[in-house]
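Here's the structure we're looking at; comments come further down.
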């Protein structure tokens, strides 16, 4: 048996610093642009919002604004990758993965090319723009594609490292990024390991597996639960694919119950991925916080996370329901 | 420079070989698309023999020319040309579309065989070719990127997104050869969805665009030379062809877009393509046996 992982270094809970993961993406691109001349960046008329604009200013010859034409952007990125470039292509998650799904499949994943689809404004926390812009199906679309690696960083510290890791990896990568400023969870000495869950908190009553902006909420929920004497393990599953099945199997074995949290459809999302791994490795009760087969609506990111049970309180409440299942007191509610 | 009589004869012989191989390969596969490659044979042979810098000796060179077959279903003819240039083993041709063969039903990227990109889903290819062309320019390479497309593929909106971007970003080292045969899988193009004047369309998108007789190898060569010399715009050759060219019963027939000939039709087709009857019978027997 492998040794349990160490706790990842976190910031103190009193540290209220908030940064959007898209900002970290923009900064990571600048780092990459300065150190490597094989990096090219493409955008589809949203470079101010996706934060690729700074790379465009620093390296105008290696930046290509393709206009409002996401499918074409992915195709051009694939052609550049076929010529040895490492191509970062960005738009909002809705358009980058929704409109261009077929091009990502045919022109990037089939020939296994070095295209890094880094999509911002994913999930509910895009907020007021509403359901047309709240991409809640991108993890599903990207994780079913052979050869695709799927990364969903929890905060700006992890986002920067995910982008650098994506550049190092030979092959297609999807990086899911947020518009909203969200709590910085990790301290600066955190080291992201591709394919490994980060252990944020120890506990053996249940494990909460989260990704993206819900990681901070999961930590909050764990605090709330601790006040009631419930010790929740918290795992940050920034690599959705390849999934760290060892960490999930260990959590299922040692905690006996698993709760997932994502601002995404549970169908095909993190919830599905974790449930699949639990069923295959060490069957245990699983509950899922996320979107249950519905679209979002306009509102602030905070309002929406609370409404759909993805804030600290929502996750804690679902955790308690899961513990009743674990104890055998109640059966799972049919949906 | 005009083609010498020897060059012209060599290209025409290669085109004839493409047509014979196409019939044999699609017959052996018992499925596939014979009409397109028969129609494209002349301009494809001109491109591959006279212009495209790709052969067994330079296939690994990063700055060599690139080719993307947008209408990937016509790959039988493409594979024949790669075999004629020594990139695809001859004995693979009759394994086209069969389990385990690198000659997939639609092209799959295989640089060892000279297959530069995976295609088959119509509409994606020009974008990829634009990316290849821009990356080559960024690297300072003297690379030309060629892509074959078609009138049917021009119904895909992404083609026009790519055409817009090619002109805007200066993919001047890109040449697209459009197979304009007026036929698509559901029938005559003018009945299904008329794409009208593609030369005028490409021109309006900022390209150097010309209409050319897609069976006149001298005219095609001249147009490819002109495209190579065009340094301010991407180029489009609208190659007007007859689908099924060279096999009388397949010419201009939508029914032969995506249907394989049986033994009798394959033999008749090979005879029309100048194969002696006894040889045609033997070829049909050989491909039936694969």
At q = 0.21 Å⁻¹, what log₁₀ I(q)/I(0) does a Debye calculation on the Cα points of segment A:196-264 give, no solvent, two decimals? -0.79
Can you give the Rg to Rh ratio of segment B:1-137, both from alpha-carbon atoms, with Rh computed by the Kirkwood formula? 0.95
Within 10 Å of the Cβ of an average residue in B:117-127, the count of other chain Cβ atoms is 6
Helix A:70-82: angle to the longest alpha-carbon principal axis of chain A, degrees 0 to 90, nearest 10? 70 degrees
Determine the shielding of peptide A:65-71 by partner chains: average, over its residues, the number of Cβ atoms on other chains within 10 angstrom of each Cβ. 5
Would you mind getting me the FRET efficiency between residue A:204 and residue A:112? Use the beta-carbon distance for r and R0 = 51 Å, nearest 0.05. 0.80
Could you work out how far helix A:156-168 tilts from the main Cα principal axis of chain A, as a 0 to 90 degree angle to the nearest 10? 50 degrees
How far apart, in nm, are the 7 Å Cα→Cβ label points at residue A:168 and residue A:331? 4.9 nm
Peptides A:56-64, A:83-91 ordered by average Cβ neighbours within 10 Å, highest first: A:83-91, A:56-64
Does segment B:92-225 come out rounded, prolate or oblate, given a ≥ b ≥ c as the square roots of the eigenvalues of its C-alpha gyration tensor, rounded meaning a/c under 1.5 and, failing that, prolate meaning a/b above b/c? oblate
What is the packing order of peptides B:23-33, B:195-205, taking the mean over residues of other C-beta atoms within 10 Å and listing the highest first? B:23-33, B:195-205
Please state the Cα pair-distance histogram of segment A:10-81 with 10 angstrom bins from zero: what percent is in each bin? 19, 44, 23, 11, 3
Report, in whole Å, the centroid distance computed from the Cα atoms of segment B:248-270 and segment A:167-241. 61 Å
Which value in nm describes the separation of the simple spin-label points at residue A:231 and residue A:254, placed 7 Å from the Cα toward the beta carbon? 1.0 nm
Binned Cα-Cα distance frequencies in segment B:149-290 - 5 Å width, integer %: 2, 10, 16, 16, 14, 13, 11, 8, 6, 3, 1, 0
Calculate the mean, over all residues of peptide B:163-175, of how many other protein chain Cβ atoms lie within 10 angstrom of the residue's Cβ. 2
Per 0.36 nm of contour for each residue apart, how much would the distance between residue A:147 and residue A:36 grow if the chain were fully extended, relative to their Cα-Cα spacing? 37.6 nm
Restricting the calculation to Cα positions, tell me the Rg (one decimal) and the Dmax (whole number) of segment B:77-148 in Å. 13.6, 40
Segment B:239-282 - Debye-derived log10 I(q)/I(0), Cα point model, q = 0.17, 0.18 Å⁻¹: -0.48, -0.53
Under Stokes-Einstein, segment B:131-170 at 25 °C and 0.890 mPa s, with its Kirkwood radius over C-alpha pairs, diffuses with a coefficient in µm²/s of 217 µm²/s
Estimated Rh, the protein assembly as shown: Kirkwood, alpha-carbon pairs, angstrom: 26.3 Å
Using a basic spin-label model with each label point 7 Å from the Cα along Cα→Cβ, how many nm lie between residue B:249 and residue A:49? 5.8 nm
Can you tell me the alpha carbon radius of gyration of segment A:171-285 divided by the globular rule-of-thumb value 2.2 N^0.38 Å? 1.02
Can you check what the Kirkwood hydrodynamic radius comes to for chain B, Cα pairs only, in Å to one decimal? 18.8 Å
In degrees, nearest 10, range 0 to 90: what is the angle between the Cα axis of helix B:217-229 and the longest Cα principal axis of chain B? 30 degrees
Using a Förster distance of 60 angstrom, determine the FRET efficiency expected from the C-beta separation of residue B:90 and residue A:295, and round it to 0.05. 0.60
Give or take rounding to whole Å, what are the principal axis extents of the alpha carbon atoms in chain A, in descending order? 62, 45, 39
In µm²/s, what is D for segment A:240-335 at 37 °C and 0.692 mPa s, where D = kT/(6 pi eta Rh) by Stokes-Einstein and Rh is the Kirkwood radius from Cα pairs? 235 µm²/s
Determine the gain in length on full extension of the stretch residue A:6-residue A:267; use 0.36 nm per residue of separation and subtract their C-alpha separation, reporting nm with one decimal. 90.9 nm
If the chain between residue A:58 and residue A:306 were fully extended at 0.36 nm per residue, the gain over the current Cα-Cα distance would be 85.3 nm
Cα convex hull volume per residue for segment B:117-192 (Å³): 82 Å³
Tell me the Kirkwood hydrodynamic radius of segment A:1-145 in angstroms, computed as one over the mean inverse distance between distinct C-alpha pairs. 16.3 Å
For the pair residue B:196 and residue B:232, what calculated FRET efficiency results from E = 1/(1 + (r/R0)^6), where r is the Cβ-Cβ distance and R0 = 25 Å, to the nearest 0.05? 0.45
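Each reported figure results from applying straightforward, stated rules to the coordinates on display, with no laboratory input. Because the structure is a prediction, the values reported are computed rather than measured. Neighbour counts run over all protein chains shown; Cβ positions are idealised from the backbone, glycine included.
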